[in-house]
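The structure under discussion appears below in the form of structure tokens.
Just so it is clear, none of the values below were taken in a lab; they were calculated from the coordinates. Since the model is a prediction, treat every value here as computed from it, not as a measurement. A quick note on method: Cβ atoms are made from the backbone with ideal geometry, for glycine too, and the neighbour counts reach across all protein chains shown.
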2 protein chains.
Amino acid sequence: MPSTSTIKESYTDVLIIGAGPSGYMAALWLARCGIPTRIIDKRSNEIFTGQADGLQSRSLEIFKSFSEDCFDWATMDQAWKVANQMEEICFWSPDEEGELARKSRIPDSIPNISRFTESVIHQGKIEKWFTESIKNFSGGSIEVERPLLPVSIKIDENAKDQQDYAVEVLVRKLDDDLARPEQYGGIANGLYRAFDGDQDKFYNQNIDDADKKDFELIHAKYVLGADGAHSWVRKQLGIDMEGEQTDFVWGVVDIVPITDFPDVRSRCAIHSKDSGSVMIIPRENDMVRLYIQLKEVDRDVETAGDAREFMGNCDDPKAKTKGRIDRSKITPESIINQARESMKPYKLDYTNLTWYTAYQIGQRVSPNFHRHSRVFIAGDACHTHSPKAGQGMNVSMQDTYNLGFKLALVCKGLAKQDILQTYESERIKVARDLIAFDHKFSRLFSGKPMIPNAAMLEGEATGSNMDEFHSVFLHGSRFASGTISDYDNSSLINKVGGATREGHEEDGVFSPLASKVPLGRRLFSDWALGQIDHRPWHFADRLPSDGRFRVVIFPGDVKQYPENMEKLHSFNEPLMAPESFLNRYTPRNAFFNSVIECLVVHASLRNDVEFYGFPEFARRKDYRGRVDYWSIFAGVGKTHNTSTKVDIYSTYGIDKKAGAIMVVRPDGHVAQVSEYTGEGLKQVCDYFSGFMIDQREIAVPEKDVTSYDSDRFEKPRLAV
Amino acid sequence: MPSTSTIKESYTDVLIIGAGPSGYMAALWLARCGIPTRIIDKRSNEIFTGQADGLQSRSLEIFKSFSEDCFDWATMDQAWKVANQMEEICFWSPDEEGELARKSRIPDSIPNISRFTESVIHQGKIEKWFTESIKNFSGGSIEVERPLLPVSIKIDENAKDQQDYAVEVLVRKLDDDLARPEQYGGIANGLYRAFDGDQDKFYNQNIDDADKKDFELIHAKYVLGADGAHSWVRKQLGIDMEGEQTDFVWGVVDIVPITDFPDVRSRCAIHSKDSGSVMIIPRENDMVRLYIQLKEVDRDVETAGDAREFMGNCDDPKAKTKGRIDRSKITPESIINQARESMKPYKLDYTNLTWYTAYQIGQRVSPNFHRHSRVFIAGDACHTHSPKAGQGMNVSMQDTYNLGFKLALVCKGLAKQDILQTYESERIKVARDLIAFDHKFSRLFSGKPMIPNAAMLEGEATGSNMDEFHSVFLHGSRFASGTISDYDNSSLINKVGGATREGHEEDGVFSPLASKVPLGRRLFSDWALGQIDHRPWHFADRLPSDGRFRVVIFPGDVKQYPENMEKLHSFNEPLMAPESFLNRYTPRNAFFNSVIECLVVHASLRNDVEFYGFPEFARRKDYRGRVDYWSIFAGVGKTHNTSTKVDIYSTYGIDKKAGAIMVVRPDGHVAQVSEYTGEGLKQVCDYFSGFMIDQREIAVPEKDVTSYDSDRFEKPRLAV
């Protein structure tokens, strides 16, 4: 290794190691917020076939939140359009004669849990939109640098200031050919990565021989290790993975099937009598992904083919200790042969085989997700599990969706470094729930059929077997949707005044003031009407991921209760004052609403009140005198074109006389609900004073306002 | 001019002259269908600010139809997302005290006339998505070539074969600087084009001196002149414009207003007491376009400024004969000053002035839209009118949306050249209606207030004045939406068996078999559920603009009436036979459904019937054995996630026992409705035999299948 004093050195606020979904999501946040960021990957290739494919509701919500209507390029929400939206899951198992039969057919996503239902598309497309969005947000300054290999990492534990460049990472530029993943046969597959990782391959090169010009020492304020299940960063930090080491082995193929199986365009769980299980995931462009439980079939050597040589029998508890498998024996044909057996008497052939792999991954979690709040790990680097519930990519992206805005706030000097600790506390709980969920959910698809006997779709469900299944599936689907991730009390979440509902603890903690909005979870969306122009908006679309906190004031019905409008006007002076939370945490050279945005959603008919009847804080002018028209909403009424009923007060359980004040974090999670009173406003003030940095004493930096938002007439969305 | 024998010569199926909305739409169709096409423009610049901005419902539907879910780029439907969706139109006029007051507020688009409501965005963005879509569809082979000036055109009137290259166009490459439009002041404006055209500027150059290498002789099968109001192509063809030569003069500015006028984010018609009219069009990104009636104000020289020198008084009938105006006297300030007067007592200031112009355009139509079915004109080249109803860009795009698929069918040798004559017959009627509409609609915004006295939104409308207004506005809005363009009987439209409703002739002609579907108009969309996977689709999204005709069989309720299912099965043999219309018009090397696609929409609950219970013609296999899963729909039921009711049979007025068969053209217009019987099927056959070319005797061409659809596993959507 070369002496660092002779090689190139550089500085960045955040260095992201690993360009998978987790790393991309972090880069997207940081690009959106204008944070100097680099993202590196040791592989030279950019687009994969295969890999992860499932997008859960919450991931699609997050994509949408980065896809504001003013962006004229193919934003992240393109995924919802291009992906196959899976409507149903069908359960197939032997009937009384032992013939494979459809036992039930239910919605794949729980109805109305989100605007978006589970959808499937290959990871390469998603990474394409990530790349394009990051490029657009950063004005081209952030793009994945590859192949760059991290060689060493050093944290200055004594760094005091949150703006110190406290982490040094030495990286080496690799040879393109060296960094290209190996292929087995002519078809792309994920076997190498799934079973061996490829760290050794990279690090076994004699790096001492490398030219000094290939090395670079990167000084970063913060570093993210998003470098997968065999994470180099995690190993450097000396963090373990805890949990079981192995699992049943599942094979995966991406094909266009030629079959007479009637539900091949629905998600299916097929439990054959004696030939194991198959999960069908219908994909974009007529493609289908099959997950096949690979098993040793002593009884039928011919059909099992090579498989028997390396597979543990799924029903054999000893399988868990059989250790690593010989990947060279896994072929697409061996996987498909197994599926053929399970799906008899239906025929299965295929064209367009584009990818295959096999998984034997443990259910494991790291006990720590960071070191010194300077270096973080996310995604597969800190939790691994089976791929059957389509969770991997989702939970990984949601990890860094949690971390990203916090890093942005800290790097900008808007919030204290302490908030970074909430990343571990909030996400380790989700990771542990994920492992518990994966244990349970696996049972649904492995081993002997535990399948309902009647169709559920038309409400015909009866019998205890059904009930048990229903309960497991329902809970599983809710968890899997990603919409119920629940963050506990911390500097960023205040559930004081909330309570669980008796017998429904898992539904979350609610304030009586907004009795249907779970505290600490993401705010679900419903329609509201713009006061200025009657345009209907999904309210979540007015809370985009642009780094801002939102204080949403629900003043109730201001027509029927004139005192409610009076109270709103009485808020004007405290909110417009220099010491107001709206002003004190906003840098002096920044737009008035670029750190905390204040929205008003009233409960009067829109035509009963006038825009200019609302106080000035809700329709502030910018430095050029341009009015903010977009912060006042009618929460009741109906839309013009479709006559859709609007009543977000009922949806959120807010009383139309009492009102409420809600704080929503930049990631859309509900931080606090307080009374619509002066006292409630003070609680909002207290919330922000717990972690935000008062900007009034800080010298205005010389830096230019970031330019990424020039299409909005230079209004930056996050300050400085 | 150089001798043609010494200059470069080239060949293309279609040459488009002029890259505005009309030319782009033609290029989009031809790119989508894989037709060798060139598009040239004499200007060197690509993106405009200002220009047209209104997108009507039908234009947005057309954009959506070119935006299939499999495309992963920013497709045309991005316009709906980025544009400002205008919800309301507000009418302001003096109240009893003579003070400006809001008199009524109604939905800007007629509710439920379309999925899309009128929206506004500047033309440059739309041209960006056109450019990107054309590039993607054509694999990069079609892009605007500029600056290229057409110099001469010659039609071989004796050309017999529709594939002959019967038109010669000599073009000259211009110097970039020469082709750049002039600017007056530092701000982009449209004055030059609006008042003078710029033909002379280009043709006054001494082209004899030009180098021969600058010239090219393009041989085309067909040529489109989409070269604007001062169309060179039209003049070469010796086609006149008929109608009035002048109009009142309106000024236009694009600004971000600084104002206390409360409805500045709605479309507004403001009639001041003595200071003329203003129309407000709220745009994307807080921008607003103002249309201001410019007038000579003898009474108040100071506030009228320069305007009095060149403007006719709007109330003066002699204004129509005053001839051309002096554009150099029109400034943004003079236009805005006039607006200020009209909007008093409200204040009006602005930032971000980005464009301005003034219009003095006649209401004129050409008597012919083509010569010899070889050279066509479209858009402003054959009809001009006032800009106030936001029709120009829309009708222009819809002209070539009509022509494009016909050119594609003829160039591919699938349909006879005769069908090209329906372009003029179908579109000249729309153009004439447009002029009549413009006359009427102008009254609403010009001259003395003829404005309702009560708010209409809450159903409070009373009084005869109101009724008259309501009727004019309602009819106008329906026409302006573009959704009621009605094409008469021709080889491509068969209304036999249809009738108008007594007293509602303007609603169109209906077959009793589908009593709510107007024949000859575009098929409006409603929900249907995919039989294979229960996925809800807006049915129009299953009829994308890919060049195909659709035969939609509505077999009724096949569960309740088993004979309906039997009948469907009895269709299998005739439809699968080589002489079937599905086969005889499809080239032998093309996919089975690439010319005519057959869809089935039944009226049974989706779970009451099985996909494989439907006959084979509705689920055909391709040459690799892959099943078409996407042609069978349940037309009744409800969606899983939103519990939206689905009942397209009621929407279309189709009896669930009798059923019906509908033919839909590639442009979404309903060509014919016939009985769900063998006789009805024969009528479908007769329809196609009237203009399609039997492919069974034609040698298979050597050409490759076009490659643009490889993402769909090489299934081309239009044959050969």
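Near the amide H of A:TRP250, within less than 5 Å, lie the amide hydrogens of A:LEU294, A:TYR359, all on another chain or at least 5 residues away, with H placed in the peptide plane. Computing Rg and the Kirkwood Rh from the Cα coordinates of the stretch B:474-582 gives a ratio, Rg/Rh, of 1.00. If you wrap the tightest convex hull around every Cα atom of the stretch A:64-140 and split its volume per residue, you get 95 Å³. Counting only the Cα atoms, the stretch B:215-293 fills a convex hull of 198 Å³ per residue.
Can you tell me which of A:658-670, B:677-689 comes out highest on packing, and rank the rest after it, using the mean Cβ neighbours within 10 Å? Spell out each step's value before the answer.
Working: A:658-670: 23.9, B:677-689: 16.5.
Highest to lowest by the protection proxy: A:658-670, B:677-689.
Projected onto their three principal axes, the Cα atoms of the stretch A:558-644 cover extents of 43, 30, 19 Å, largest first. Amide H to amide H distances under 5 Å link A:LEU599 with A:VAL551, A:VAL552, A:ILE553, where only residues 5 or more positions off or on other chains count and H is placed in the peptide plane.
Using a 7 Å projection from Cα along Cα-to-Cβ, the label point at A:LYS273 is separated from the same position in the remaining copies by 9.3 nm, smallest value first. Here's how it looks for A:ASP546: its modeled amide H is under 5 Å from none belonging to a residue 5 or more places away or on a different chain.
Computed from phi, the 3J(HN,Hα) profile of the stretch A:374-387 under the Karplus parametrisation 6.51, -1.76, 1.60 (θ = phi - 60°) reads 10, 10, 10, 10, 8, x, 4, 5, 10, 7, 10, 6, 6, x Hz, with x in place of Gly and Pro. The order of the peptides A:598-607, A:32-41 by mean Cβ neighbours within 10 Å, most packed first, is A:32-41, A:598-607.
For A:GLN163, inter-copy separations between label points set 7 Å beyond Cα along the Cβ vector come to 7.2 nm, shortest first. Say the cut-off is 31 Å between C-alpha atoms; which of A:LYS221/A:LYS429; A:LYS406/B:LYS81; A:LYS429/B:LYS64 go over it? Check vs 31 Å cut-off fails for A:LYS429/B:LYS64. Position B:PRO562: other-copy label points at 7.2 nm, ordered by increasing distance, label point 7 Å along Cα→C-beta. Here the Karplus curve 6.51 cos²θ - 1.76 cosθ + 1.60, taken at θ = phi - 60°, turns the phi angles of the stretch B:473-479 into couplings of 5, 4, 4, x, 5, 5, 4 Hz, with x standing for Gly and Pro.
Magnitude of the Cβ-charge dipole of the stretch B:519-712, K/R +1 and D/E -1, about the Cα centre, nearest 20 debye?
Computed charge dipole of the stretch B:519-712: roughly 320 debye.
Chain A residue nearest the axis that carries A onto B, by Cβ, with distance in whole Å, is A:ALA74, 2. With coordinates expressed along the principal axes, the C-alpha atoms belonging to the stretch B:607-702 extend over 51, 33, 26 Å, beginning with the largest. Dividing the C-alpha radius of gyration of the stretch B:519-712 by 2.2 N^0.38 Å, with N its residue count, gives 1.01. Per residue of A:638-644, other chain Cβ atoms within 10 Å of the residue Cβ number 5 on average. Over all other residues within a Cβ to Cβ distance under 11 Å of B:MET576, the charged ones net out to -2, with Lys and Arg as +1 and Asp and Glu as -1. Shielding value for B:78-90 is 4, the average number of Cβ atoms from other chains within 10 Å of each residue's Cβ.
Computed packing ranks the peptides B:56-65, B:608-617, A:112-121 as B:56-65, A:112-121, B:608-617, most packed first, by mean other Cβ atoms within 10 Å.
Using r as the Cβ-Cβ distance of A:LYS621 and A:GLU573, and R0 as 22 Å, what FRET efficiency do you calculate, to the nearest 0.05? With a Förster radius of 22 Å, E is 0.85. Taking every residue in B:349-355 and counting other chain Cβ atoms within 10 Å of its Cβ, the average works out to 2. With θ taken as phi - 60° and the Karplus curve 6.51 cos²θ - 1.76 cosθ + 1.60 applied, the whole-hertz 3J(HN,Hα) list for the stretch A:7-16 is 10, 4, 10, 8, 10, 8, 5, 10, 10, 10 Hz, x standing for glycine and proline. Could you give the distance between the Cα centres of the stretch A:620-649 and the stretch A:356-390, to the whole Å? One Cα centre to the other: 42 Å.
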